[in-house]
1. For S35, indicate whether it is within 18 Å of A273 (Cα to Cα) and touching an Asp or Glu at 6+ places or on another chain (Cβ under 7 Å).
2. Any idea which of (1) more than 13 Å from the ligand (Cβ to nearest atom); (2) within 20 Å of Y265 (Cβ to Cβ); (3) small (G, A, S) is the one G139 doesn't satisfy?
3. State yes or no: is F169 in contact with a Gly (Cβ under 8 Å, 6 or more places away or on another chain), within 15 Å of the ligand (Cβ to nearest atom), of a type in the set (F, W, Y) and open to solvent by less than 50 Å² (accessible area, probe 1.4 Å)?
4. Yes or no: I244 surrounded by 12 or more Cβ atoms within 10 Å (Cβ to Cβ) and touching a Ser or Thr at 6+ places or on another chain (Cβ under 8 Å)?
5. Using the structure shown, decide if G112 is under 20 Å from A52 (Cβ atoms) and without any contact (Cβ under 8 Å) to a residue 24 or more places away in the chain.
6. Name the residue, out of E11, E28, E17, E36, that is surrounded by 21 or more Cβ atoms within 10 Å (Cβ to Cβ) and acidic (D, E).
7. Can S81 be described as hydroxyl-bearing (S, T, Y) and under 20 Å from A126 (Cα atoms)?
8. Quick one: would you say Q189 is at pLDDT below 95 and part of a helix (DSSP H, G or I)?
Amino acid sequence: MKISDILKQKEITISCEIFPPKLGTELEQSRRIVSEMAALKPDFISVTYGAAGSTAGFTAELAEAVESCGIASLAHVTCVSSDRESLTDYLASLKENGIENVLALRGDMPQGREPKRVYPHASDLAAEIKSMGDFCVGGACYPEGHPEATSVSADIDALKIKAESGCEFFTTQMFFDNDIMYSFMTKFQRKGINIPVIAGIMPITNARQLQRSASLSGTTVPRRLREIVERFGDKPSAMRQAGIAFATEQIIDLIANGVNNIHIYAMNKPDVAAEILDNISEIRGI
Ligand code: FAD
């Protein structure tokens, strides 16, 4: 099913993300993660795309595994590893396996090797995907602005181009401070962009994960979360419980404020996604 239709039909949606294994590893463990995640009945499951494109086959295979569990899948793809030929092949394999949704991304610039430059921006990739088949295409957005953008406002101008190029929804970069998201949404709507925005929430269940993901993405870490990690970071079960509670609170506040589409960056941990979904089971059904 197309994600654009799911977003139209349901008031509140909860989706999850998984990532494929490294090249040279078996898919068996990832398939197990897919079926455990699918058993939670999220509205869709996204499958990320390795930066160099070398695991594109895994992304397509896992997206197909998601579909065969009866859940809509969203297969990611990046500009920096795509040219016309590889994109045509990738989209053909998605189509063959009943995958209707693609997240068009630029990808991070690779270190020590030249990126492919056929599609300079995600907007160019989105337009090409739309011209190549009947896919529902989404894109990424950044409540704090993309690190390369000169300002949040300039970044939102680029989002407008992305929407005009065929993106039907955006998923946000993770954020830990909902006020940043609300401020972004106000600016986004003022620019007259009328496509749904799905809020990306990453449950922080260990201290290293926060250091790694926040420093990579430049996401602001509010005092409340920093203190949780300082207090519980070296106590794994306590940190896990506190991280799930923090993410749950963020989601409840977002839905209470009308941000009804939530994407959980579940980091291949179905048990963590399960606890969050359990915590919001009544809210999800309203
Ligand atoms: P773009 O939309 O191309 O934007 C990149 C920069 O260019 C921004 O500063 C923007 O303001 C500017 N820009 C955009 N369009 C234009 C234009 N037309 N003219 C001028 N300037 C423009 N990476 C992976 O490798 N694999 C993944 O699976 C993956 N999944 C992701 C999922 C989500 C939800 C998010 C938020 C990110 C994901 N990423 C992934 C990371 C992403 O590839 C990087 O953040 C990358 O640096 C930017 O990608 P983008 O699609 O936002 O790029």
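The values are calculated or read from the model by the stated rules, or taken from the named source; none is laboratory data. Remember, predicted model here, so these are calculated numbers, not experimental data. Note: ideal-geometry Cβ built from the backbone for every residue, glycine included; neighbour counts use all protein chains shown. SASA here: full protein model, heavy atoms, side chains in, ligands and nucleic acids out. Shrake-Rupley method; radii C 1.70, N 1.55, O 1.52, S 1.80 Å.
1. Numbers: within 18 Å of A273 (Cα to Cα): yes; touching an Asp or Glu at 6+ places or on another chain (Cβ under 7 Å): no.
It is false that S35 is within 18 Å of A273 (Cα to Cα) and touching an Asp or Glu at 6+ places or on another chain (Cβ under 7 Å).
2. Here G139 meets the rest and fails (1).
3. Details: in contact with a Gly (Cβ under 8 Å, 6 or more places away or on another chain): yes; within 15 Å of the ligand (Cβ to nearest atom): yes; of a type in the set (F, W, Y): yes; open to solvent by less than 50 Å² (accessible area, probe 1.4 Å): yes.
For F169, the condition - in contact with a Gly (Cβ under 8 Å, 6 or more places away or on another chain), within 15 Å of the ligand (Cβ to nearest atom), of a type in the set (F, W, Y) and open to solvent by less than 50 Å² (accessible area, probe 1.4 Å) - is met.
4. Working: surrounded by 12 or more Cβ atoms within 10 Å (Cβ to Cβ): yes; touching a Ser or Thr at 6+ places or on another chain (Cβ under 8 Å): yes.
Considered against the rule, which asks whether it is surrounded by 12 or more Cβ atoms within 10 Å (Cβ to Cβ) and touching a Ser or Thr at 6+ places or on another chain (Cβ under 8 Å), I244 comes out as yes.
5. On the way: under 20 Å from A52 (Cβ atoms): yes; without any contact (Cβ under 8 Å) to a residue 24 or more places away in the chain: yes.
Yes.
6. From the options E11, E28, E17, E36, the qualifying one is E17.
7. Working: hydroxyl-bearing (S, T, Y): yes; under 20 Å from A126 (Cα atoms): yes.
Yes: the conditions hold for S81.
8. Values: at pLDDT below 95: no; part of a helix (DSSP H, G or I): yes.
Here the answer is no, as Q189 does not meet what is asked.
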